[in-house]
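Only one structure is covered here, and it is reproduced in the block below.
The values are calculated or read from the model by the stated rules, or taken from the named source; none is laboratory data. Nothing here was measured: the structure is a model prediction, and the numbers come from that model. Here the Cβ positions follow ideal geometry from the backbone for every residue, glycine too, while neighbour counts run over all protein chains shown. Side chains included, ligands, DNA and RNA excluded: accessible areas come from the protein's heavy atoms. Shrake-Rupley method; radii C 1.70, N 1.55, O 1.52, S 1.80 Å.
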Amino acid sequence: MGNLLSQASTLASKVDLMLLVLLALSGFFVVLISGLIIFFAVRYRRGSDADRSHAPNTSLRLEIAWTVIPLLMGLPIFVWSAAAYFDYQRIPADALEIHVVAQQWMWKMEHPDGQREIDQLHVPMGQPVKLLMISQDVIHSFWVPDFRIKQDVLPGRYTTLWFEATEEGTFPLRCAEYCGTEHSRMLGEIVVLKPTDYQQWLAGQDSGAASPAAQGEQLFTDLGCSSCHRLDDDLGRGPSLVGVFGSEVRLANGAVVLADESYLRESILRPGAKIVATYQDIMPTFEGQVSEEELISLISYIQSLQDEEEPR
Ligand code: CUA
């Protein structure tokens, strides 16, 4: 574990195979081209008796060959890597959602039931895990070499990442973006447990923590959101938030946007940026009043507000 060849996620072997094929192809051309350079250098060296008369300066067949062959080699690589990339971007619906907030110089993780960890993340083996990540200062990068996953963690914008661990054990987590003097010490680890051990681990954590959605519900009341965004009807001064997560929202300017994590975050911090159709631009900003962790809790709460008919 933790060595160069360890493949501890479902993605790892796919990435490795692609790397190997690209490496082999590049190696083939390195050998071919250097071989030809050496061959011609020797053959046409000064004083050699090679035939230098009537050299043809065009050859249509040769030109077509060196255009078509690389094209046929390049296109499949494009299709192959694009398919792998989409796979990597499409998060399975049943993924366990874990929140990651990066800051100089640590990783703060939060599990769905509110258990928190710093620089360590326990996950169950054989289950897709989604990470919703944001930074509260500069750009960091969440990198787990054994899983072959890496994603920048940005201030002011959510990024996501998913993986499914296939091997029990402890794997290094690295920050792969220079983020200040102690960047090299921004180290962590991913601890992969059997699903039953993971449940046991969760149960053994400080149970004083409330789930992100429950914390968000409390904040929603404390910050006074609930006086305008009423849950019982649509008559509040702000739009009802029931069922809004994941839905398409029509804006005052006619545009339609998807209500995802980033949209909700923006609407809390800069309410005027996207006004919902038929509503007024009257909501105050919460910029500087809520931390990234609190924003994630509020979003989790809004995410939990679904219509009774279609539970998530
Ligand atoms: Cu965080 Cu480098």
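Between the Cα long axis of helix 195-204 and the first principal axis of the chain there is an angle of about 40°, rounded to the nearest 10.
These residues, I302, I275, I118, go from largest to smallest accessible area, 1.4 Å probe, as I118, I275, I302. Output the relative contact order of segment 171-253, whole-number percent, from Cα pairs under 8 angstrom with separation of 6+ residues. Relative contact order of segment 171-253: 14 percent. For the listed peptides 130-141, 194-205, a ranking on the average number of other beta carbons within 10 Å per residue, highest first, reads 130-141, 194-205.
Considering the chain as a Gaussian network with a 10 Å cut-off on Cα pairs, which listed residue, G238, G126, G224, attains the greatest mean-square fluctuation? Largest GNM mean-square fluctuation: G224. The lysines within cross-link reach of K108, meaning a Cα-to-Cα straight distance under 21 Å and a gap of 8 or more places when in the same chain, are K130, K150. Surface composition of the chain: carbon and sulfur atoms hold 59% of the protein heavy-atom accessible area at a 1.4 Å probe. Modelled spin-label separation between I64 and S291, with each label point placed 7 Å from Cα along the Cα-to-Cβ direction: 6.9 nm.
For the chain, take the longest principal axis of its alpha carbons; what is the angle in degrees between that and the long axis of helix 212-222, to the nearest 10 within 0 to 90? Tilt of helix 212-222: around 50 degrees. The GNM of the chain, with springs linking C-alpha atoms under 10 angstrom apart, assigns the highest mean-square fluctuation among F142, F286, F171 to F286. Would you please classify the overall shape of the chain from the alpha carbon gyration tensor, given that a ≥ b ≥ c denote the square roots of the eigenvalues, rounded means a/c under 1.5, and beyond that prolate means a/b larger than b/c while oblate covers the rest? Prolate. The mean sequence separation of alpha-carbon pairs under 8 Å and at least six residues apart, normalised by the residue count of segment 212-308, gives a relative contact order of 39 percent. Considering only V244, V192, V21, the Gaussian network model of the chain with Cα springs below 10 Å gives its largest mean-square fluctuation to V21. A full extension of the chain between I38 and V79 corresponds to an added length of 11.3 nm, given 0.36 nm per residue minus the alpha carbon distance. Taking a ≥ b ≥ c as the square roots of the Cα gyration tensor eigenvalues, with a/c under 1.5 meaning rounded and otherwise prolate when a/b beats b/c, else oblate, which class fits segment 79-159? In terms of gyration-tensor shape, oblate. Accessible area per residue for segment 212-308, computed on protein heavy atoms with a 1.4 Å probe, is 52 Å². Determine the shape class of segment 212-308: with a ≥ b ≥ c the square roots of the Cα gyration tensor eigenvalues, call it rounded for a/c under 1.5, and otherwise prolate if a/b is greater than b/c, oblate otherwise. The shape class here is rounded. If one takes the longest principal axis of the Cα atoms in the chain, at what angle in degrees, from 0 to 90 and to the nearest 10, does the Cα axis of helix 12-43 lie? Computed tilt is about 30 degrees. Inter-part distance, segment 78-124 to segment 1-57, computed on C-alpha centroids, equals 37 Å.
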